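The block underneath contains the structure these notes are about, expressed in structure tokens.
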Amino acid sequence: MNLTLKPAHEYPIPFLADLMTRGFEGYLVPINITDTVLFTMMRRDGIDLTASRVLMKDDEPVGLAMIARRGWTSRLAAMGITSNARSGGVGTWAMEQLIAEAKARGDKEMLLEVIEQNTAGVKLYEKVGFKKIRRLIGFKLENPQVESDVEIEEIDIREVARQVTYHGLKDLPWQLSGTTIMQHTPPSRAFKINDAYCLISNPEVTDVAIQSVLVKARSRGAGLSAVLMRALFAKFPGKIWHVSAIYPEEMGFIFEHVGMERESLSQWQMSRAL
Ligand SMILES: CC(C)(COP(=O)(O)OP(=O)(O)OC[C@H]1O[C@@H](n2cnc3c(N)ncnc32)[C@H](O)[C@@H]1OP(=O)(O)O)[C@@H](O)C(=O)NCCC(=O)NCCS
């Protein structure tokens, strides 16, 4: 068996989207990567196709590793190996190469998130030196019955991004960072009340994701995030509200406070010094 890596930018987008979908076959959550989904991931998460790799076993593409980059830090944005090539050491070999490549280009840290219940993934990343930073959790709430006469103000998404960059945790998961939030665009919408800010996905459809919640440091501890979220539940009634499992566990209380239920899948935010 001869394993090699090829730069992902040498392949057409539909090929990469299909390979990623096949790499995630049988995953804990169904994954279907279309061209549009892939383009959005690349723009929002800073995926660099010149650093991302197609995994070849002899002449056959058997996996894809997407690498995002910002400054000295890279993130393994996705890694999937086709089911016929799993559990035979391909993942371990590929990670060792990706770490060596990141070191060679001068990066100082590699990050990733892995579903806690994904035994093979967690084992693989720990084996190649990744350490857990914290658990990331998600929530859900169906059709909350809320009344609120609080005035909320709609603002530019870029304003939320600026506040998160300034007031948020320095090591927020990649997808919650101010840099990622800055890449969100309509139909997502942003709102504020006083010092509380929230970004949500398109509220015109049934399922709405809370993509960012922030209270400025000076106003924390007064329940402002709950006031804002309840005002949003009242403004957009009849929705199913989602918080994907990318929020630090220590922030979970803000969602519990508005009656959201914790999702069963959680993730580990992991880091490896290079
Ligand atoms: C996770 C994944 C990338 C691992 O790649 P792989 O080539 O299967 O991994 P390896 O064969 O190198 O094995 C890595 C470790 O995981 C363990 N492992 C592999 N398959 C396993 C399984 N089905 N159950 C439990 N452990 C497993 C191996 O024992 C090995 O540890 P060891 O060397 O200490 O024994 C691959 O299984 C995959 O693509 N899965 C679907 C997509 C996915 O989960 N991606 C990761 C999301 S972040």
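I'd like to know if region 138-151 contains one or more residues that are within 16 Å of the ligand (Cβ to nearest atom) and on the phi > 0 side of the Ramachandran plot. So that I can check it myself, show each step before the final result.
Looking only at region 138-151, we keep the residues that are within 16 Å of the ligand (Cβ to nearest atom), and these are 138.
From what is left, the residues that are on the phi > 0 side of the Ramachandran plot are none.
No, because not a single residue in region 138-151 is within 16 Å of the ligand (Cβ to nearest atom) and on the phi > 0 side of the Ramachandran plot.
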Taking region 81-126 and keeping only residues that are more than 21 Å from residue 49 (Cβ to Cβ), outside the structural domain of residue 66 (by TED's automatic domain parsing), hydrophobic (A, V, I, L, M, F, W, C) and in contact with a strand residue (DSSP E or B) (Cβ under 9 Å, 6 or more places away or on another chain), one is left with 114, 115, 122, 124
What's the total number of residues in region 17-36 that are hydrophobic (A, V, I, L, M, F, W, C) and surrounded by fewer than 16 Cβ atoms within 10 Å (Cβ to Cβ)? 2
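Condition first: within 13 Å of the ligand (Cβ to nearest atom), buried (at least 18 other Cβ atoms within 10 Å of the Cβ), hydrophobic (A, V, I, L, M, F, W, C) and in contact (Cβ under 8 Å) with a residue 40 or more places away in the chain. Now tell me which residues in region 78-102 satisfy that.
Here is the first cut: in region 78-102, the residues within 13 Å of the ligand (Cβ to nearest atom) are 78-98.
So of that shortlist, the ones also buried (at least 18 other Cβ atoms within 10 Å of the Cβ) come out as 78-82, 85, 90-91, 94-95, 98.
So of that shortlist, the ones also hydrophobic (A, V, I, L, M, F, W, C) come out as 78-79, 81, 85, 90, 94-95, 98.
Those that are within 13 Å of the ligand (Cβ to nearest atom), buried (at least 18 other Cβ atoms within 10 Å of the Cβ), hydrophobic (A, V, I, L, M, F, W, C) and in contact (Cβ under 8 Å) with a residue 40 or more places away in the chain: 78, 79, 81, 90, 94, 98.
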Index of the failed condition, residue 162 passing every other in (1) over 23 Å from residue 47 (Cα atoms); (2) surrounded by 13 or more Cβ atoms within 10 Å (Cβ to Cβ); (3) more than 11 Å from the ligand (Cβ to nearest atom): (1)
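The values are calculated or read from the model by the stated rules, or taken from the named source; none is laboratory data. What you see is a predicted model, and the numbers here were worked out from it, not measured in a lab. Cβ atoms come from the backbone with ideal geometry, glycine included; neighbour counts cover every protein chain shown.
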